[in-house]
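**Q** Take this structure, written in structure tokens, and hold onto it; I'll ask about it next.
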Amino acid sequence: MAARMSNPEAKPWINAIHAYTPGKAKSDDGRVLIKLSANENPLGCSEDATAALVDAKSSLARYPDPASNALREALGAHYHLESDRIVCGTGSDELLNLAAMGYAGAGDEIIYVRYGFSVYDIAARKCAATVVVAPDRDYGTDVDALLALVNERTRVVFVANPNNPTGTYCTDEDMARLHAGLPSDCVLVLDQAYGEYLEDDGPAAFNLARQHGNVLITRTFSKIYGLAAERIGWAYGQPHLIETMNRIRAPFNVTAAGQAAAIAALSDTAFVDHSRAHNREWRDWMANEIASLSNHGLKAVPSWANFLMIMFEGKVSAETVYLALMDAGYIVRWLPGQGLGNGLRITIGTEEENRGLVQALRAILETNG
Ligand SMILES: *Cc1c(COP(=O)(O)O)cnc(C)c1O
């Protein structure tokens with residue numbers, strides 16, 4: 001056999017992937033910044049969750065429960081779901097990837113909306129599927145545009161509701177219409193990472209998944225529960241969907257401490273209620289502040305999540321503001337790589353952070369405008 005002297009070559013569909021860009025916590029010159037770039041809970045997490053986590057970390061030698069049984073039971077009780085229709089994951093990130101891998105491959109198509117969550121693109125390309133991007137409507141999901149792209153090769157449709165990075169919401173009626181327009185062998189992955197921020201907690205999605213064999217709901221402990229560091233997500237769907245996920249997930253995919261912390265977090269409803277109320281109050285406040293800056297060309301996209309996407313349509317660009325905010329000590333999310341070079345996504349922070357950010361923003365607009 002002739003000697004093979006070149007480096008190993010990754011598959012072409014893998015080379016086409018742009019690695020996920022996480023929200024930054026430091027400036028390029030290494031200063032620690034107030035981080036409003038990753039939609040984390042500014043209030044932290046439940047003290048009960050921290051206590052459970054610390055306790056679980058006292059015995060590190062044993063593998064965790066591979067099936068996350070106690071956590072699935074707790075989730076079932078809390079959300080009124082059948083616990084055997086739940087699978088837990090290393091963040092919902094793992095589950096989004098598994099959904100693509102389980103149902104699509106080379107020659108198949110996966111659809112998501114323009115300005116959708118960037119993980120969908122990675123998940124789709126990883127399994128060699130063809131990516132199909134549907135045009136948005138006012139930065140949100142356009143059901144008709146999406147359905148127009150469905151064909152016999154479509155295997156998976158990803159929709160985040162509320163959507164990240166734009167914060168938009170697709171009504172229950174529209175979501176039901178989207179589902180009704182899909183072939184029954186095409187999986188609708190309904191990503192509800194921000195579901196707990198909705199006033200009604202988004203139960204219509206669970207009902208859709210209970211009734212239909214091609215709907216998978218994903219949720220996470222990374223957002224309102226404030227457990228992003230531990231990487232805990234879960235999915236709900238009919239048994240055949242959950243079986244697929246169980247077949248291909250990592251065997252011990254949720255840590256023992258993560259399972260314990262998540263169970264405790266579910267019981268602390270006061271913390272979640274407080275987080276939701278705080279978010280609603282300050283998101284409204286922030287939206288009003290942005291509205292008062294419309295003379296500078298600023299416009300906030302209406303948000304149902306824990307962040308605001310602000311569009312810059314005036315003289316001062318999003319990039320200028322992004323860099324100047326960093327000088328002022330705040331890091332927000334600028335997403336030119338996702339076609340949103342004229343916007344900034346700002347996570348709702350603590351009162352002090354929100355007031356400080358808006359004050360800095362006003363000063364920047366006055367200096368540069
Ligand atoms: C944050 C987020 C997730 C959650 O990711 P984890 O892996 O659970 O931390 C999933 N989907 C969307 C749209 C998100 O914004």
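The values are calculated or read from the model by the stated rules, or taken from the named source; none is laboratory data. Computed from a prediction, not measured in an experiment: that's the story for all the values here. Methodologically, a virtual Cβ is constructed for each residue, glycine included, from the backbone with ideal geometry; neighbour enumeration extends over all protein chains shown. Surface areas here come from the heavy atoms of the whole protein model, side chains and all, with no ligands, DNA or RNA. Shrake-Rupley method; radii C 1.70, N 1.55, O 1.52, S 1.80 Å.
**Q** Pairs of lysine in the chain with Cα under 23 Å and at least 8 positions apart or on different chains: total?
**A** Pairs that pass both the separation and distance tests number 9.
**Q** Right, next: How would you classify segment 1-144 from its alpha-carbon gyration tensor, with a ≥ b ≥ c the square roots of the eigenvalues: rounded for a/c under 1.5, else prolate if a/b is greater than b/c, otherwise oblate? Provide the component values of the computation, followed by the final result.
**A** On the way: a/c = 1.40, a/b = 1.37, b/c = 1.02.
Judged from the Cα gyration tensor, segment 1-144 comes out rounded (a/c under 1.5).
**Q** While we're on this one: Of HIS78, ALA324, ILE122, whose Cα points farthest to the positive end of the dipole of the chain (charges on the beta-carbon: +1 Lys, Arg; -1 Asp, Glu; origin at the Cα centre)?
**A** Positive-end residue among those listed: ILE122.
**Q** Right, another one. Could you tell me what percent of the accessible area of the chain is made up of carbon and sulfur, with a 1.4 Å probe and every protein chain present?
**A** On the way: 8550 of 16370 Å².
Within the chain, the accessible surface is 52 percent carbon and sulfur.
**Q** Still on this structure: Determine the shape class of the chain: with a ≥ b ≥ c the square roots of the Cα gyration tensor eigenvalues, call it rounded for a/c under 1.5, and otherwise prolate if a/b is greater than b/c, oblate otherwise. Could the numbers behind the result be given before it?
**A** Values: a/c = 1.43, a/b = 1.22, b/c = 1.17.
The shape class here is rounded.
**Q** Just to confirm a number: summing +1 for Lys and Arg and -1 for Asp and Glu over residues other than PHE312 whose beta-carbon lies under 10 angstrom from that of PHE312, what do you get? Mind dumping the intermediate values first?
**A** On the way: positive: LYS299, LYS315; negative: GLU313, GLU319.
In short, 0.
**Q** Can you sort GLU352, GLU199, GLU109, GLU82 by 1.4 Å-probe accessible area, starting with the largest? Numbers along the way, then the final one.
**A** On the way: GLU352 155, GLU199 115, GLU109 20, GLU82 55 Å².
Largest accessible area first, the residues go GLU352, GLU199, GLU82, GLU109.
**Q** Let me spell out the model: positive unit charges on the Cβ of Lys and Arg, negative unit charges on the Cβ of Asp and Glu, origin at the Cα centre of the chain. What dipole size does that give, in debye rounded to 20? Provide the component values of the computation, followed by the final result.
**A** Numbers: 32 positive and 44 negative charges, 215 e Å.
It works out to roughly 1040 debye.
**Q** Normalised by the residues of segment 252-369, what does the relative contact order come to in percent, with Cα pairs under 8 Å and at least six apart? Please list the in-between numbers first.
**A** Details: 126 pairs, mean separation 25.6, N = 118.
Relative contact order comes out at 22 percent.
**Q** How high is the relative contact order of the chain, given as a whole-number percent (alpha carbon pairs under 8 Å, six or more residues apart)? Spell out each step's value before the answer.
**A** Numbers: 709 pairs, mean separation 82.8, N = 369.
Computed value for the chain: 22 percent relative contact order.
**Q** With +1 on each Lys and Arg Cβ and -1 on each Asp and Glu Cβ, how big is the dipole of segment 47-267 about its Cα centre, in debye rounded to the nearest 20?
**A** Working: 17 positive and 28 negative charges, 151 e Å.
The calculated dipole for segment 47-267 is roughly 720 debye.
**Q** Excluding SER118 itself, calculate the net charge of residues whose Cβ lies under 14 Å from the Cβ of SER118, where each Lys or Arg counts +1 and each Asp or Glu counts -1.
**A** Working: positive: ARG114, ARG125, LYS126, ARG333, ARG345; negative: ASP93, ASP121, ASP191.
Neighbour charge sum, excluding SER118 itself: +2.
**Q** Mind checking which of HIS278, HIS179, HIS78 has the largest fluctuation in a GNM of the chain, springs on alpha carbons under 10 Å?
**A** Looking only at HIS278, HIS179, HIS78, the largest GNM fluctuation is found for HIS78.
**Q** Another question, if that's okay. Rolling a 1.4 angstrom probe over the protein chains, ignoring ligands and nucleic acids, what is the accessible area of LEU323 in square angstrom, nearest 10?
**A** Taking all protein chains as shown, LEU323 has close to 80 Å².
**Q** Taking the solvent-accessible surface of protein heavy atoms with a 1.4 Å probe, what is the per residue accessible area of segment 24-167 in Å²? Present the calculation step by step, with values, prior to reporting the outcome.
**A** Details: 6270 Å² over 144 residues.
Each residue of segment 24-167 exposes 44 Å² on average to a 1.4 Å probe.
**Q** Contour minus end-to-end for SER317 and LYS26, with contour as 0.36 nm per residue of separation and end-to-end as the Cα-Cα distance?
**A** Answer, rounded to one decimal: 102.6 nm.
**Q** Let me ask something else. Which whole-Hz ³J(HN,Hα) couplings does segment 352-362 yield from phi under the Karplus relation 6.51 cos²θ - 1.76 cosθ + 1.60, θ = phi - 60°, glycine and proline marked x?
**A** Each residue's phi maps through the Karplus curve to give 4, 5, 5, 5, x, 5, 5, 4, 5, 4, 4 Hz.
**Q** Taking K and R as +1 and D and E as -1, what net charge do the other residues with C-beta under 9 Å from the C-beta of ILE242 add up to? Before the final figure, lay out the partial values.
**A** Working: positive: ARG85; negative: ASP84, GLU243.
That works out to -1.
**Q** Also: Just how large is the dipole of segment 273-331 about the Cα centre, in debye to the nearest 20, putting +1 at every Lys and Arg Cβ and -1 at every Asp and Glu Cβ?
**A** Values: 5 positive and 7 negative charges, 25 e Å.
Roughly 120 debye, rounded to the nearest 20.
**Q** While we're looking at this one, here's another question. Starting from the amide H of ASP191, placed 1.01 Å from N in the peptide plane, find each other amide H under 5 Å away whose residue is 5 or more places distant or on another chain.
**A** VAL159, ALA160, ASN161, THR218
**Q** Now for a separate question. Classify segment 92-164: rounded, prolate or oblate, from the alpha-carbon gyration tensor (a ≥ b ≥ c, eigenvalue square roots; a/c under 1.5 rounded; otherwise prolate if a/b is larger than b/c)?
**A** On the way: a/c = 2.21, a/b = 1.26, b/c = 1.75.
It is oblate, given that a/c is not under 1.5 and a/b is not larger than b/c.
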